[in-house]
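Input: a single structure, listed below in structure tokens.
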Amino acid sequence: MTVDTSSRTAPPPRAGARRRPRASAGTALGLGSAVLYLSLIVLIPLALVVVRSTDEGLGYFWKAVTTPDAWAALTLTIGASAVVALVNLVLGTLIAWVLVRDRFPGKAIVDTLIDLPFALPTIVAGLVLLALYGPESPLGVNLAYSRAGVGLALLFVTLPFVVRTVQPVLIELDKDMEQAAASLGASPFQTFRRIILPNLVPAMLSGTALAFTRAISEFGSTVLISGNLPFKTQVAAVNIFSQIEGDNTTGAAAISTVLLVVALVALLALDLLQRWGSRRG
Amino acid sequence: MAIEVRDVNKSFGTTPVLRDVSVDVASGSLTALLGPSGGGKSTLLRVIAGLEHPDTGTVRISGVDATRLSPQRRNVGFVFQHYAAFKHMTVFRNVAFGLEIRKRPKDEIRRRVMELLELVHLERMADRYPSQLSGGQRQRMALARALAVEPEVLLLDEPFGALDAQVRKELRTWLRRLHDEVHVTTVFVTHDQEEAIEVADTVVVLADGAVEQVGSPSDVYDNPANPFVMRFLGPVTEIGGSLVRPHDIEISAEARPGSGAATVTRVVRLGFEVRVELLVDGREAWAQVTRGTAERLALAPGDIVNIRPTPGARSLTLTGA
């Protein structure tokens, strides 16, 4: 047939079969600097923490992690972070949607405000939250020294992640796709579920993973409002701090290592999900 | 009539884009909406599809008033200039989309989709994603997707506009053949007069949001309703206050009835066609002649020749020219 010329297009390259291009001198220099910098700033300190955590053997590592207060802090942190990440997954997507698709007065201001948790020192966030939801709350809502308070603080600092990852994708989303779906008979809900959502999922997941990893490491915003009650409201980062104050650096390093592994697993899972997503799109 | 558009007006803000537009599209026809960009042709197509709402006027599809119907209830197939492929779905699932929405049984969907993919020559691409297809293939996939739901009318918005010239030409011929096979009432938007004349059996010329002329391709070419249509549909030149097609000008050495003198200023050979630039009464004009004629008359710049419109040629008198 006359039009079939294009069917001869080569199959898409497979990731494994791709040949590695030879690096030019400029690339080598850039790559070298990047690796050196990354090593100095990230890899070596992290490796040191891991090494330090096993200074006194794996048995000690395990004991340090499973002391009741450390274990409580870790489970609280990971549990609360997971809940917070999920809440932000839904509400962050909703906010991104409103910011992209709706018109309302003051939109530019709201758009700027989203970044405030990034810009603000987290201790200031803690202070603000304590003033608003503390014992002297003008709203009559007292969340101080409760797990709800911890959650609130984590929600505050991790809000921007999902919003800022979903927003650009939503802006770039081809509106013709939605109109095509409508003309093929899809209801607005069907269009959202079958067309819009699948295109947003990679960004939503990546924002959620970032929010989660940020939440498990949070210190400043929770330290004030949580009251740091061991077994109740003390988060892992604060627990690490108190271990160091108690001169137990190995224990502190052990808990740090657990957080590190959890964060790494979350980021790895994210990367796998994104590879899976990009293969399809 | 498959589509009846009556007195449609539409403005974006204060800018009118459609002004009292009335168009009938016969069942089973292949109609082109032709006009310059910004002429309102895409808006008219979107009004028919329900993607835009007219400010006033009505749209009837297969005799049913569709003016207030949402796009999903009009049963029209729409093909977009930039394909609007569902990027996250395979070619198969793209085409199956409308049928899945209609909850057809799985094996029926499978059969119908494979049938359509064969029709658009994409049967071997069923498991690819749109990003792995060329532009022409994507547009054929979009066409199959629109045809899958057996629409009452098929609407194409500059369907070949984003493709390169070669693929464009192929798809044009192919669309014409496809229409002869499928017989679905089809309306497509184009700003390319050649495309409209080659593919369509009815041409609707739109400019500035109003219908200038409706007719068969030869009708609008040979009997243009006004100078705008004549200029838009093909080359024209102005001689003695009239618009004439350059290929309708006769050049001869000796004077003939109705002819006038002209000076040749330039002779451009374009293969078979020769473009003769002339000066008539101090005004520039040009004529299109065959190489044979040019050689027989030995045309060269500076020659004084006699020109006249070919007997029977259509010309339009320009008022106020």
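The values are calculated or read from the model by the stated rules, or taken from the named source; none is laboratory data. Since the structure is predicted, the reported quantities are computational estimates derived from the model, not experimental observations. A quick note on method: Cβ atoms are made from the backbone with ideal geometry, for glycine too, and the neighbour counts reach across all protein chains shown. Remember, those area values only see protein heavy atoms, side chains included, never the ligands or the DNA or RNA. Shrake-Rupley method; radii C 1.70, N 1.55, O 1.52, S 1.80 Å.
B:E158: within 20 Å of the chain's Cα centre (by Cα) and acidic (D, E), yes or no? Yes; evaluated as a whole, the condition is true for this residue. Here the condition is being hydroxyl-bearing (S, T, Y) and touching a residue at least 40 places away in the same chain (Cβ under 8 Å); of A:T77, A:T112, it holds for A:T77 alone.
If the condition is being open to solvent by 10 Å² or more (accessible area, probe 1.4 Å), under 24 Å from B:Q81 (Cβ atoms) and outside any strand (DSSP E or B), then segment B:201-227 contributes B:D201, B:D208, B:P217. If you go through segment B:159-196 and pick out every residue that is without any contact (Cβ under 8 Å) to a residue 40 or more places away in the chain, in contact with a helix residue (DSSP H, G or I) (Cβ under 6 Å, 6 or more places away or on another chain) and within 24 Å of B:N226 (Cβ to Cβ), you end up with 0.
Restricting attention to segment B:236-248, the residues that are under 27 Å from the mean Cα position of the chain (by Cα) and assigned to a strand (DSSP E or B) add up to 5. For segment A:178-190, state whether one or more residues are charged (D, E, K, R), open to solvent by less than 60 Å² (accessible area, probe 1.4 Å) and part of a helix (DSSP H, G or I). Scanning segment A:178-190 turns up at least one residue that is charged (D, E, K, R), open to solvent by less than 60 Å² (accessible area, probe 1.4 Å) and part of a helix (DSSP H, G or I). Across segment B:230-247, the qualifying residues are those that are out of contact with any helix residue (DSSP H, G or I) (no Cβ under 9 Å at 6 or more places or on another chain) and more than 14 Å from B:L318 (Cβ to Cβ), and the one among them that is least open to solvent (accessible area, probe 1.4 Å) is B:P246.
Of all the listed residues (B:V289, B:V268), the sole one being without any contact (Cβ under 8 Å) to a residue 12 or more places away in the chain, open to solvent by less than 60 Å² (accessible area, probe 1.4 Å), in a strand (DSSP E or B) and more than 30 Å from B:L206 (Cα to Cα) is B:V268.
Would you say B:P257 is part of a loop (DSSP other than H, G, I, E, B), touching a Lys or Arg at 6+ places or on another chain (Cβ under 9 Å) and open to solvent by less than 70 Å² (accessible area, probe 1.4 Å)? Steps first, answer last, please.
On the way: part of a loop (DSSP other than H, G, I, E, B): yes; touching a Lys or Arg at 6+ places or on another chain (Cβ under 9 Å): yes; open to solvent by less than 70 Å² (accessible area, probe 1.4 Å): no.
No.
Could you list, in sequence order, all residues of segment B:44-57 that are within 9 Å of chain A (Cβ to nearest Cβ) and over 21 Å from A:F192 (Cβ atoms)? Listed by number, the list holds a single entry, B:R46. Restricting segment B:113-142 to residues that are more than 30 Å from the chain's Cα centre (by Cα) and of a type in the set (K, R) leaves a set whose member that is nearest to the other protein chains (Cβ to nearest Cβ) is B:R124. Selection of segment B:96-108 for residues being more than 9 Å from chain A (Cβ to nearest Cβ) and surrounded by fewer than 20 Cβ atoms within 10 Å (Cβ to Cβ) yields B:K103, B:R104, B:P105, B:K106, B:D107, B:E108. Total residues in segment B:58-95 satisfying the condition of being more than 10 Å from chain A (Cβ to nearest Cβ), open to solvent by less than 30 Å² (accessible area, probe 1.4 Å) and among the small types (G, A, S): the figure is 1. Out of all the residues in segment B:1-28, which are open to solvent by less than 10 Å² (accessible area, probe 1.4 Å) and closer than 20 Å to B:E150 by Cβ? Within segment B:1-28, B:A2, B:I3, B:V25 meet the criteria.
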